[in-house]
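Asker: The following block contains the structure, expressed as C-alpha coordinates.
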Amino acid sequence: MSLGTLDQNTALKTMLCKVPEVTLFFWIIKILCTTIGETAADFLNTNLNLGLTGTTLVMGAVLAAILVVQFRSRRYVPVVYWLAVMLISVVGTLITDNMTDNFGISLWASSGIFSVALAATFVAWYASEKTLSIHSIFTFKREVFYWLAVLFTFALGTATGDLVAEKLALGYWPSALIFGGIIALVAFAHAFLRLGAVLAFWIAYILTRPLGASIGDFLSQPKDAAGLNLGTLITSAIFLILIGAVIIYLTTTHRDQIQAASTV
(Lines give C-alpha, C1' and ligand atoms only; values in the text may rest on other atoms or scores of the structure.)
Protein backbone atom coordinates (compact mmCIF):
# COMPACT_ATOMS: atom_id res chain seq x y z
CA MET A 1 0.00 0.00 0.00
CA SER A 2 1.43 3.38 -1.00
CA LEU A 3 2.13 6.22 1.39
CA GLY A 4 -0.51 8.28 -0.40
CA THR A 5 -3.11 5.58 0.19
CA LEU A 6 -2.18 5.40 3.87
CA ASP A 7 -2.56 9.17 4.18
CA GLN A 8 -5.96 9.00 2.49
CA ASN A 9 -7.10 6.21 4.82
CA THR A 10 -5.94 8.17 7.87
CA ALA A 11 -7.74 11.29 6.65
CA LEU A 12 -10.92 9.29 5.99
CA LYS A 13 -10.87 7.70 9.43
CA THR A 14 -10.32 11.09 11.06
CA MET A 15 -13.17 12.60 9.04
CA LEU A 16 -15.53 9.77 9.92
CA CYS A 17 -14.64 9.59 13.62
CA LYS A 18 -17.93 9.97 15.43
CA VAL A 19 -16.66 11.39 18.74
CA PRO A 20 -15.22 14.76 19.80
CA GLU A 21 -11.65 15.67 20.66
CA VAL A 22 -10.90 15.23 24.36
CA THR A 23 -10.42 18.80 25.53
CA LEU A 24 -11.42 20.79 28.58
CA PHE A 25 -14.77 21.42 26.88
CA PHE A 26 -15.30 17.66 26.60
CA TRP A 27 -15.01 17.21 30.38
CA ILE A 28 -17.08 20.30 31.17
CA ILE A 29 -20.03 19.18 29.06
CA LYS A 30 -19.63 15.56 30.18
CA ILE A 31 -20.05 16.58 33.84
CA LEU A 32 -22.99 18.83 32.93
CA CYS A 33 -24.65 15.91 31.13
CA THR A 34 -24.11 13.57 34.07
CA THR A 35 -25.74 16.07 36.39
CA ILE A 36 -28.74 16.25 34.06
CA GLY A 37 -28.89 12.46 34.12
CA GLU A 38 -29.48 12.52 37.87
CA THR A 39 -31.85 15.47 38.17
CA ALA A 40 -33.89 14.85 35.01
CA ALA A 41 -34.51 11.23 35.99
CA ASP A 42 -35.72 12.35 39.43
CA PHE A 43 -37.91 15.08 37.91
CA LEU A 44 -39.63 12.77 35.42
CA ASN A 45 -40.03 9.99 37.97
CA THR A 46 -41.24 12.05 40.94
CA ASN A 47 -42.43 15.48 39.82
CA LEU A 48 -44.28 14.31 36.70
CA ASN A 49 -45.38 11.10 38.41
CA LEU A 50 -44.30 8.88 35.52
CA GLY A 51 -42.82 6.35 37.92
CA LEU A 52 -39.61 4.45 37.37
CA THR A 53 -41.07 2.06 34.83
CA GLY A 54 -42.87 4.73 32.83
CA THR A 55 -39.88 7.07 32.87
CA THR A 56 -37.55 4.25 31.78
CA LEU A 57 -39.78 3.30 28.84
CA VAL A 58 -40.19 6.89 27.65
CA MET A 59 -36.52 7.84 27.96
CA GLY A 60 -35.41 4.51 26.53
CA ALA A 61 -37.50 5.14 23.42
CA VAL A 62 -36.15 8.69 23.04
CA LEU A 63 -32.57 7.44 23.48
CA ALA A 64 -33.10 4.73 20.85
CA ALA A 65 -34.32 7.35 18.37
CA ILE A 66 -31.32 9.63 18.99
CA LEU A 67 -28.88 6.71 18.71
CA VAL A 68 -30.37 5.88 15.31
CA VAL A 69 -29.56 9.44 14.21
CA GLN A 70 -26.06 9.17 15.74
CA PHE A 71 -25.32 5.88 13.99
CA ARG A 72 -26.63 7.13 10.66
CA SER A 73 -24.51 10.25 10.83
CA ARG A 74 -21.25 10.10 8.86
CA ARG A 75 -19.38 12.48 11.12
CA TYR A 76 -19.31 13.96 14.60
CA VAL A 77 -22.25 16.34 15.09
CA PRO A 78 -22.03 18.07 18.52
CA VAL A 79 -25.76 18.44 19.19
CA VAL A 80 -26.52 14.82 18.23
CA TYR A 81 -23.56 13.33 20.07
CA TRP A 82 -24.08 15.24 23.31
CA LEU A 83 -27.85 14.71 23.26
CA ALA A 84 -27.13 10.98 23.06
CA VAL A 85 -24.73 11.28 26.02
CA MET A 86 -27.27 13.24 28.06
CA LEU A 87 -30.04 10.75 27.34
CA ILE A 88 -27.84 7.74 28.04
CA SER A 89 -26.97 9.41 31.34
CA VAL A 90 -30.67 9.52 32.21
CA VAL A 91 -31.26 5.92 31.11
CA GLY A 92 -28.18 4.66 32.96
CA THR A 93 -29.49 6.32 36.12
CA LEU A 94 -32.91 4.76 35.62
CA ILE A 95 -31.46 1.28 35.09
CA THR A 96 -29.66 1.46 38.42
CA ASP A 97 -32.70 2.96 40.18
CA ASN A 98 -34.92 0.19 38.80
CA MET A 99 -32.54 -2.47 40.05
CA THR A 100 -32.50 -0.89 43.51
CA ASP A 101 -36.14 0.18 43.95
CA ASN A 102 -38.09 -2.32 41.84
CA PHE A 103 -35.95 -5.44 42.16
CA GLY A 104 -34.35 -4.94 45.57
CA ILE A 105 -30.79 -5.32 44.31
CA SER A 106 -28.36 -3.62 46.69
CA LEU A 107 -26.05 -0.85 45.51
CA TRP A 108 -23.10 -3.06 46.41
CA ALA A 109 -24.43 -5.78 44.11
CA SER A 110 -25.35 -3.43 41.26
CA SER A 111 -21.91 -1.80 41.46
CA GLY A 112 -20.37 -5.25 41.10
CA ILE A 113 -22.70 -6.23 38.26
CA PHE A 114 -21.96 -3.12 36.23
CA SER A 115 -18.23 -3.38 36.93
CA VAL A 116 -18.25 -6.89 35.45
CA ALA A 117 -20.43 -5.79 32.52
CA LEU A 118 -18.12 -2.86 31.75
CA ALA A 119 -15.00 -5.02 32.03
CA ALA A 120 -16.56 -7.64 29.73
CA THR A 121 -17.38 -4.92 27.21
CA PHE A 122 -13.80 -3.66 27.24
CA VAL A 123 -12.41 -7.19 26.88
CA ALA A 124 -14.69 -7.98 23.95
CA TRP A 125 -13.98 -4.58 22.36
CA TYR A 126 -10.21 -4.99 22.61
CA ALA A 127 -10.28 -8.63 21.50
CA SER A 128 -12.23 -7.63 18.40
CA GLU A 129 -10.62 -4.29 17.53
CA LYS A 130 -7.22 -4.30 19.32
CA THR A 131 -7.87 -0.82 20.65
CA LEU A 132 -10.05 1.01 23.16
CA SER A 133 -9.19 4.45 21.81
CA ILE A 134 -12.29 6.59 21.41
CA HIS A 135 -10.68 8.32 18.45
CA SER A 136 -10.84 5.09 16.50
CA ILE A 137 -14.66 5.13 16.41
CA PHE A 138 -15.16 5.01 12.66
CA THR A 139 -16.86 1.62 12.16
CA PHE A 140 -20.31 0.39 13.17
CA LYS A 141 -18.91 -2.32 15.44
CA ARG A 142 -16.63 0.07 17.31
CA GLU A 143 -19.47 2.52 17.78
CA VAL A 144 -21.65 -0.25 19.25
CA PHE A 145 -18.88 -1.13 21.71
CA TYR A 146 -18.37 2.55 22.51
CA TRP A 147 -21.99 3.35 23.37
CA LEU A 148 -22.39 0.10 25.29
CA ALA A 149 -19.35 1.03 27.38
CA VAL A 150 -20.74 4.55 27.90
CA LEU A 151 -24.05 3.11 29.13
CA PHE A 152 -22.32 0.84 31.64
CA THR A 153 -20.11 3.70 32.89
CA PHE A 154 -23.22 5.75 33.66
CA ALA A 155 -25.01 2.86 35.36
CA LEU A 156 -21.87 2.01 37.36
CA GLY A 157 -21.27 5.65 38.25
CA THR A 158 -24.85 6.00 39.47
CA ALA A 159 -24.56 2.93 41.68
CA THR A 160 -21.20 3.88 43.19
CA GLY A 161 -22.22 7.52 43.61
CA ASP A 162 -25.40 6.58 45.49
CA LEU A 163 -23.44 4.04 47.50
CA VAL A 164 -20.89 6.60 48.69
CA ALA A 165 -23.27 9.53 49.20
CA GLU A 166 -26.26 7.74 50.70
CA LYS A 167 -25.51 4.22 51.91
CA LEU A 168 -22.15 5.20 53.39
CA ALA A 169 -23.76 8.48 54.52
CA LEU A 170 -20.89 10.70 53.40
CA GLY A 171 -23.24 13.29 51.92
CA TYR A 172 -23.44 14.84 48.47
CA TRP A 173 -20.84 17.59 48.69
CA PRO A 174 -18.16 15.44 50.40
CA SER A 175 -18.82 12.77 47.78
CA ALA A 176 -18.30 15.30 45.00
CA LEU A 177 -15.00 16.33 46.58
CA ILE A 178 -13.90 12.71 46.88
CA PHE A 179 -14.66 11.84 43.25
CA GLY A 180 -13.21 15.14 42.04
CA GLY A 181 -10.04 14.45 44.02
CA ILE A 182 -9.68 10.99 42.51
CA ILE A 183 -10.10 12.44 39.01
CA ALA A 184 -7.38 14.97 39.81
CA LEU A 185 -5.09 12.11 40.89
CA VAL A 186 -5.79 10.28 37.62
CA ALA A 187 -4.93 13.45 35.67
CA PHE A 188 -1.71 13.80 37.68
CA ALA A 189 -0.78 10.16 37.06
CA HIS A 190 -1.34 10.60 33.34
CA ALA A 191 0.65 13.82 33.16
CA PHE A 192 3.59 12.88 35.38
CA LEU A 193 3.55 9.12 36.09
CA ARG A 194 2.99 7.84 32.55
CA LEU A 195 -0.47 6.42 33.12
CA GLY A 196 -1.72 5.45 29.66
CA ALA A 197 -4.00 7.92 27.91
CA VAL A 198 -6.71 5.36 27.14
CA LEU A 199 -6.80 3.95 30.68
CA ALA A 200 -6.74 7.43 32.22
CA PHE A 201 -9.59 8.52 29.95
CA TRP A 202 -11.91 5.66 30.86
CA ILE A 203 -11.20 5.91 34.61
CA ALA A 204 -11.99 9.62 34.51
CA TYR A 205 -15.05 8.98 32.33
CA ILE A 206 -16.46 6.56 34.91
CA LEU A 207 -15.74 8.88 37.83
CA THR A 208 -17.32 11.97 36.26
CA ARG A 209 -20.70 10.22 36.55
CA PRO A 210 -20.80 10.08 40.38
CA LEU A 211 -19.15 13.51 40.48
CA GLY A 212 -21.91 15.05 38.37
CA ALA A 213 -24.63 13.12 40.21
CA SER A 214 -23.33 14.33 43.59
CA ILE A 215 -23.33 17.92 42.35
CA GLY A 216 -26.85 17.55 40.99
CA ASP A 217 -28.16 16.02 44.19
CA PHE A 218 -26.44 18.68 46.30
CA LEU A 219 -28.14 21.45 44.30
CA SER A 220 -31.58 19.84 43.99
CA GLN A 221 -32.20 17.96 47.24
CA PRO A 222 -33.89 19.63 50.24
CA LYS A 223 -31.85 21.19 53.01
CA ASP A 224 -32.77 18.49 55.50
CA ALA A 225 -31.02 16.07 53.13
CA ALA A 226 -27.90 18.29 53.02
CA GLY A 227 -28.88 19.90 49.70
CA LEU A 228 -29.50 23.47 48.54
CA ASN A 229 -33.18 22.78 47.78
CA LEU A 230 -33.17 24.23 44.24
CA GLY A 231 -35.35 21.35 43.11
CA THR A 232 -34.88 19.02 40.16
CA LEU A 233 -36.67 21.31 37.68
CA ILE A 234 -34.56 24.41 38.35
CA THR A 235 -31.33 22.41 38.58
CA SER A 236 -32.08 20.59 35.31
CA ALA A 237 -33.00 23.87 33.59
CA ILE A 238 -29.75 25.54 34.70
CA PHE A 239 -27.61 22.71 33.40
CA LEU A 240 -29.59 22.38 30.16
CA ILE A 241 -28.93 26.07 29.46
CA LEU A 242 -25.23 25.59 30.18
CA ILE A 243 -25.07 22.51 27.97
CA GLY A 244 -26.83 24.35 25.15
CA ALA A 245 -24.40 27.28 25.42
CA VAL A 246 -21.35 25.00 25.23
CA ILE A 247 -22.79 23.03 22.29
CA ILE A 248 -23.49 26.26 20.38
CA TYR A 249 -19.92 27.39 21.07
CA LEU A 250 -18.43 24.09 19.90
CA THR A 251 -20.64 23.97 16.81
CA THR A 252 -19.58 27.45 15.71
CA THR A 253 -15.90 27.24 16.64
CA HIS A 254 -15.19 23.54 15.90
CA ARG A 255 -12.86 23.53 18.90
CA ASP A 256 -13.63 19.86 19.58
CA GLN A 257 -13.15 18.58 16.04
CA ILE A 258 -10.47 15.91 15.72
CA GLN A 259 -7.64 17.36 13.68
CA ALA A 260 -5.24 14.45 13.74
CA ALA A 261 -4.86 10.88 14.90
CA SER A 262 -4.93 10.53 18.69
CA THR A 263 -4.01 7.81 21.17
CA VAL A 264 -6.95 8.53 23.46
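The values are calculated or read from the model by the stated rules, or taken from the named source; none is laboratory data. Every value quoted in this text rests on a predicted model; they were computed, and no experiment measured them. Using ideal geometry, Cβ is built from the backbone for each residue, glycine included, and neighbour counts are taken over all protein chains shown. Just the protein is used for accessible areas: all its heavy atoms, side chains included, with ligands, DNA and RNA removed. Shrake-Rupley method; radii C 1.70, N 1.55, O 1.52, S 1.80 Å.
Asker: Taking the convex hull of the Cα atoms, report for the stretch 110-155 its projected area averaged over all directions, in nm². Walk me through the numbers before you get to the answer.
Answerer: Details: hull surface 11.4 nm².
Mean projected area of the Cα convex hull: 2.8 nm².
Asker: When the solvent-accessible surface of protein heavy atoms is calculated with a 1.4 angstrom probe, in what order do GLU143, GLU166 fall, highest first? All intermediate terms of the calculation are to be shown ahead of the outcome.
Answerer: On the way: GLU143 5, GLU166 90 Å².
Descending order: GLU166, GLU143.
Asker: Can you classify the stretch 164-254 as rounded, prolate or oblate using the Cα gyration tensor, where a ≥ b ≥ c are the square roots of its eigenvalues, rounded means a/c under 1.5, and otherwise it's prolate if a/b beats b/c and oblate if not? Don't skip to the end; give the middle numbers.
Answerer: Values: a/c = 3.38, a/b = 1.20, b/c = 2.82.
Oblate is the answer for the stretch 164-254, as a/c is 1.5 or above yet b/c matches or exceeds a/b.
Asker: Let me ask something additional. Please report the net charge: other residues with Cβ closer than 15 Å to the Cβ of TYR205, K and R +1, D and E -1. Intermediate results must be reported in sequence, preceding the final value.
Answerer: Numbers: positive: LYS30, ARG209; negative: GLU21.
Overall, the nearby charge balance is +1.
Asker: Related question: Would you list LYS141, LYS130 from the most to the least accessible area, probe 1.4 Å? Working shown, then result.
Answerer: On the way: LYS141 105, LYS130 135 Å².
Ranked from most to least accessible, the order is LYS130, LYS141.
Asker: May I pose another question? Please turn the phi angles of the stretch 178-188 into ³J(HN,Hα) values with the Karplus equation 6.51 cos²θ - 1.76 cosθ + 1.60 (θ = phi - 60°), one per residue in order, whole Hz, x for glycine and proline.
Answerer: For the stretch 178-188, the Karplus-derived couplings read 5, 5, x, x, 5, 4, 4, 5, 5, 4, 5 Hz, x marking Gly and Pro.
Asker: Separate question: Over the Cα atoms of the chain, what radius of gyration and what Dmax do you get, in Å?
Answerer: For the chain, the Cα-based Rg and Dmax read 18.5, 68 Å.
Asker: Okay, moving on. Output ³J(HN,Hα) for the stretch 237-247: one whole-Hz value per residue in order, computed from phi by the Karplus curve 6.51 cos²θ - 1.76 cosθ + 1.60 with θ = phi - 60°, and x for Gly and Pro.
Answerer: So the J values, rounded to whole Hz, are 4, 4, 6, 5, 4, 5, 4, x, 5, 5, 5.
Asker: Rounded to the nearest 20 Debye, what is the dipole magnitude of the chain about its Cα centre when Lys and Arg each give +1 and Asp and Glu each give -1 at the C-beta? Before the final figure, lay out each step's value.
Answerer: Numbers: 14 positive and 13 negative charges, 166 e Å.
So the magnitude is around 800 debye.
Asker: Same structure again: Who wins for biggest fluctuation among ASP217, ASP42, ASP101 in a Gaussian network model of the chain, springs between alpha carbons below 10 Å?
Answerer: ASP101
Asker: Same structure again: So how much accessible area does ILE206 have, in Å² to the nearest 10, using a 1.4 Å probe?
Answerer: Roll a 1.4 Å probe over it and ILE206 shows about 40 Å².
Asker: Heavy atoms only, probe 1.4 Å: what % of the accessible area of the chain goes to carbon and sulfur, would you let me know?
Answerer: Numbers: 8860 of 12490 Å².
Result for the chain: 71 percent of the exposed heavy-atom area is carbon or sulfur.
Asker: Would you work out if the stretch 94-209 is rounded, prolate or oblate? Take a ≥ b ≥ c from the square roots of the eigenvalues of the alpha-carbon gyration tensor; rounded if a/c is under 1.5, else prolate when a/b is larger than b/c, oblate otherwise.
Answerer: Working: a/c = 2.67, a/b = 1.25, b/c = 2.13.
Oblate, because a/c is 1.5 or more while a/b does not exceed b/c.
Asker: Here's a follow-up. Based solely on its DSSP helices, what 222 nm [θ] is calculated for the chain when runs of n ≥ 4 H residues each add -39,500 (n - 2.57) and the sum is averaged over all residues, nearest 500 deg cm²/dmol? Mind dumping the intermediate values first?
Answerer: Working: 9 runs with 193 residues, N = 264.
Result for the chain: -25500 deg cm²/dmol, rounded to the nearest 500.
Asker: Probe of 1.4 angstrom, ligands and nucleic acids ignored: what's the accessible area per residue over the chain, in square angstrom?
Answerer: 47
Asker: Sequence neighbours fewer than 8 away in the same chain don't count; with that in mind, list the aspartates and glutamates whose C-alpha is under 17 Å from LYS141.
Answerer: Qualifying aspartates and glutamates at Cα under 17 Å: GLU129.
Asker: Just grab the label-to-label distance for ILE105 and ALA119, each label 7 Å out from Cα along the Cβ direction, in nm (one decimal).
Answerer: Label at ILE105, label at ALA119, 1.6 nm between them.
Asker: Between THR139 and VAL69, 0.36 nm times their residue separation minus their Cα-Cα distance comes to what?
Answerer: Length gained, THR139 through VAL69: 23.7 nm.
Asker: How much length, in nm to one decimal, is gained on full extension between ALA191 and GLN257, taken as 0.36 nm per residue of separation minus their Cα-Cα distance?
Answerer: Numbers: separation 66, 0.36 × 66 = 23.76 nm, distance 2.25 nm.
The span from ALA191 to GLN257 would gain 21.5 nm if fully extended.
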